[in-house]
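Asker: This is the structure I have questions about; it appears just below.
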Amino acid sequence: MRPIRTVLIANRGEIALRVARTCREMGIRVVAVHSTADRDSAVVDFADESVHIGPPAARRSYLYMPNLIEAALRHGVDAIHPGYGFLSEDPDFAQVCADNGIAFIGPPPAVMTELGDKSRVRALMADAGLPVLPGSDGTVATVEEAQDIGDRIGYPQVVKAAAGGGGRGIEIVSAAVDLPEVFRRTTAFARQVFGNADVYLERYVAAARHVEVQLLADSRGTVVHLGERDCSLQRRNQKLVEESPSPLLPAKVRARLGDYAVAGARALGYVGAGTMEFLVDPSGTVTFMEINGRIQVEHPVTEMLTGLDVVREQILVAQGHPLSFDQASVRMDGVAIECRVNAEDPSANFRPTPGRLERFHVPGGPGTRVDAGFRQGDTVPANYDSLVAKLVVWAPTRQEALARADRALGEFVISGPGVATTIPLLRTLLAHPSFGDATHTTKFVDELMSGHVLTPWVA
């Protein structure tokens, strides 16, 4: 068992600072990396050491493995925490870390390789007894093959990039006549963005909720779930608000989700933190979607609900320790809600609005947590994701949590030349009757903003 005394955080923004804080509490030294655009960032000031790894373009800094490994070796780190995004789900990066004697705080390279092919994972989960939607057996190579499968599974259906992630590389097909063009467009997008043009097909569930289960697993075969999070409030597959527990979910369905998630992780030989994602229809039917082999943006929702530190458990597992708790000791009390505050203009098709934060004040108060990677005077760069801060609130009931979230969103002060945020939209969504009574589906935001009739989540 190798102790971890120094960790390099191969990421930026709020997740880098969040990981650094847990490392500090554990007595672990922190090495922060930064591009030229992030040289004055909060995590750089917080860390024990910092390393410049390249120009603003991610492919030449945060995605450039040689500079990251060189920084790790030069500073004698014991482990690398990848955060989320960038190289967090890259099996080659995990393997390069191992080859250089550096612990990768995440799943083993072999497991990550399996997770990289979502069509392969789909087949493995079916073998493990998880319910999967009707779809293709593996990837689909031609339009003609896609049309044959489409005729078999029926419409609507969805074309998904096998190497996709983060809600990208997914397109819905409503009718057979649209399939050839959607197939070509999705494969071209997958080739350009993910470097892998493989796609697969699944039947599309129109009125559904997106529910994911937080998992933790150690190298000794123990797998524990920390309950579910409802991520149905999303725009074009990009999450805006997450909450736990999922509202209106029957107890037997909630229990089934946890059992499925644990069974799927065990079938993979999973180690570390991850999430199993599902669709739930109004009848309570559950179907598997995908596995994310990393810490999630919305992990603080689970931390607020359980009182556990997911990053701490990741680090302990990477050192070879068993999980510090078992399933029976997990307690989930109250309701937690996370709102993603992005530097975007919803009225202009969510156009990013980078710029200098001349005023930046975050809320406080009971049951209120803000994870932010920026401070007043910092600049939100145009080179990366537009996330500025995550607001997470906890309260004994959902009604109180919604009121607390609205109060806290109203306390934010974020302004600067050209900077707009999603805060007004978030407050509108939280106050909408469909969200208040939890009859919203994954289509809710897109339907609301386009003026379409809302699809209710009802049997």
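The values are calculated or read from the model by the stated rules, or taken from the named source; none is laboratory data. None of the values given here were measured: they were computed from a predicted structure. Note that each Cβ is placed from the backbone with ideal geometry, even for glycine, and that neighbours are counted across all protein chains shown.
Asker: Considering only residues that are under 17 Å from Val111 (Cα atoms), of a type outside the set (Val, Ile, Thr) and part of a strand (DSSP E or B), which ones fall in the range 278-293? Spell out the reasoning first.
Answerer: Going residue by residue through the range 278-293, those that are under 17 Å from Val111 (Cα atoms) are 290-293.
Narrowing the set further to residues that are of a type outside the set (Val, Ile, Thr) leaves 290, 292-293.
Correct list: Glu290, Asn292.
Asker: Filter the range 223-249 for residues that are touching a helix residue (DSSP H, G or I) at 6+ places or on another chain (Cβ under 9 Å), at pLDDT 90 or above and either of a type in the set (Gly, Ala, Ser) or part of a loop (DSSP other than H, G, I, E, B) (or both) and give the result. Let's see the steps before the verdict.
Answerer: Taking the range 223-249 as the starting set, the residues that turn out to be touching a helix residue (DSSP H, G or I) at 6+ places or on another chain (Cβ under 9 Å) are 223-229, 232-236, 240-247, 249.
Checking which are at pLDDT 90 or above leaves us with 223-229, 232-235, 240-247, 249.
Gly227, Ser232, Ser244, Pro245, Ser246, Pro247, Leu249 - these are the residues of the range 223-249 that are touching a helix residue (DSSP H, G or I) at 6+ places or on another chain (Cβ under 9 Å), at pLDDT 90 or above and either of a type in the set (Gly, Ala, Ser) or part of a loop (DSSP other than H, G, I, E, B) (or both).
Asker: With the requirement that a residue be assigned to a loop (DSSP other than H, G, I, E, B), among the acidic types (Asp, Glu) and out of contact with any Ser or Thr (no Cβ under 8 Å at 6 or more places or on another chain), what does the range 294-325 give you?
Answerer: Here is the first cut: in the range 294-325, the ones assigned to a loop (DSSP other than H, G, I, E, B) are 294-298, 307-309, 319-325.
Those still in the list that are among the acidic types (Asp, Glu) too: 298, 309.
Listed by number, the list holds a single entry, Glu298.
Asker: Moving on. Quickly run through the range 1-60 and pick out the residues that are surrounded by 19 or more Cβ atoms within 10 Å (Cβ to Cβ), closer than 19 Å to Thr379 by Cα, touching a residue at least 60 places away in the same chain (Cβ under 8 Å) and over 21 Å from the mean Cα position of the chain (by Cα).
Answerer: Passing the criteria: Ser35, Ala37, Asp38, Ser41, Ala42.
Asker: Restricting attention to the range 352-375, does a residue exist that is basic (Lys, Arg), free of Cβ contacts under 8 Å to residues at least 60 places away in the same chain and either touching a Cys at 6+ places or on another chain (Cβ under 9 Å) or not in a loop (DSSP other than H, G, I, E, B) (or both)?
Answerer: Here is the first cut: in the range 352-375, the residues basic (Lys, Arg) are 356, 359, 369, 375.
Then drop every residue that is not free of Cβ contacts under 8 Å to residues at least 60 places away in the same chain, which leaves 359.
Subsequent filtering for residues that are either touching a Cys at 6+ places or on another chain (Cβ under 9 Å) or not in a loop (DSSP other than H, G, I, E, B) (or both) retains 359.
The answer is yes, given that some residue of the range 352-375 is basic (Lys, Arg), free of Cβ contacts under 8 Å to residues at least 60 places away in the same chain and either touching a Cys at 6+ places or on another chain (Cβ under 9 Å) or not in a loop (DSSP other than H, G, I, E, B) (or both).
Asker: Looking only at the range 226-234, decide whether some residue is closer than 25 Å to Arg168 by Cα, surrounded by fewer than 22 Cβ atoms within 10 Å (Cβ to Cβ) and in contact (Cβ under 8 Å) with a residue 40 or more places away in the chain. It would help to see each step written out before you state the result.
Answerer: The initial filter retains those residues of the range 226-234 that are closer than 25 Å to Arg168 by Cα, namely 228-234.
Right, trim to surrounded by fewer than 22 Cβ atoms within 10 Å (Cβ to Cβ) and you get 234.
If we keep only those that are in contact (Cβ under 8 Å) with a residue 40 or more places away in the chain too, we end up with 234.
The answer is yes; a qualifying residue exists.
Asker: Okay, moving on. May I ask you to say which residue of Ala328, Ala336, Ala382 is among the small types (Gly, Ala, Ser) and assigned to a helix (DSSP H, G or I)? Give the steps one after another, and end with the answer.
Answerer: Numbers: Ala336 fails: assigned to a helix (DSSP H, G or I); Ala382 fails: assigned to a helix (DSSP H, G or I).
Among Ala328, Ala336, Ala382, only Ala328 is among the small types (Gly, Ala, Ser) and assigned to a helix (DSSP H, G or I).
Asker: Tell me which residues, restricted to the range 336-394, are among the hydroxyl-bearing types (Ser, Thr, Tyr) and farther than 26 Å from Ser244 by Cα. Let's see the steps before the verdict.
Answerer: Of the residues in the range 336-394, the ones among the hydroxyl-bearing types (Ser, Thr, Tyr) are 347, 353, 368, 379, 384, 386.
Ser347, Thr353, Thr379, Tyr384, listed by residue number.
Asker: Anything in the range 1-50 that is in a loop (DSSP other than H, G, I, E, B), out of contact with any helix residue (DSSP H, G or I) (no Cβ under 7 Å at 6 or more places or on another chain) and within 18 Å of Val370 (Cα to Cα)? List them, or say none.
Answerer: Once the filter is applied, which keeps residues that are in a loop (DSSP other than H, G, I, E, B), out of contact with any helix residue (DSSP H, G or I) (no Cβ under 7 Å at 6 or more places or on another chain) and within 18 Å of Val370 (Cα to Cα), the range 1-50 yields only Ser41.
Asker: Between Leu391, Leu402, Leu409, Leu448, which is of a type outside the set (D, E, K, R) and in contact with an Asp or Glu (Cβ under 8 Å, 6 or more places away or on another chain)?
Answerer: Working: Leu402 fails: in contact with an Asp or Glu (Cβ under 8 Å, 6 or more places away or on another chain); Leu409 fails: in contact with an Asp or Glu (Cβ under 8 Å, 6 or more places away or on another chain); Leu448 fails: in contact with an Asp or Glu (Cβ under 8 Å, 6 or more places away or on another chain).
Of Leu391, Leu402, Leu409, Leu448, the one residue that is of a type outside the set (D, E, K, R) and in contact with an Asp or Glu (Cβ under 8 Å, 6 or more places away or on another chain) is Leu391.
Asker: Right, next: Could you please find all residues in the range 205-222 being buried (at least 21 other Cβ atoms within 10 Å of the Cβ) and not basic (Lys, Arg)?
Answerer: We begin by selecting, within the range 205-222, every residue buried (at least 21 other Cβ atoms within 10 Å of the Cβ); these are 208-217.
Ala208, His210, Val211, Glu212, Val213, Gln214, Leu215, Leu216, Ala217, listed by residue number.
Asker: In addition: Are any of the residues in the range 139-153 surrounded by fewer than 19 Cβ atoms within 10 Å (Cβ to Cβ), of a type in the set (Ser, Thr, Tyr), part of a helix (DSSP H, G or I) and at pLDDT below 95?
Answerer: Taking every residue of the range 139-153 in turn, none turns out to be surrounded by fewer than 19 Cβ atoms within 10 Å (Cβ to Cβ), of a type in the set (Ser, Thr, Tyr), part of a helix (DSSP H, G or I) and at pLDDT below 95.
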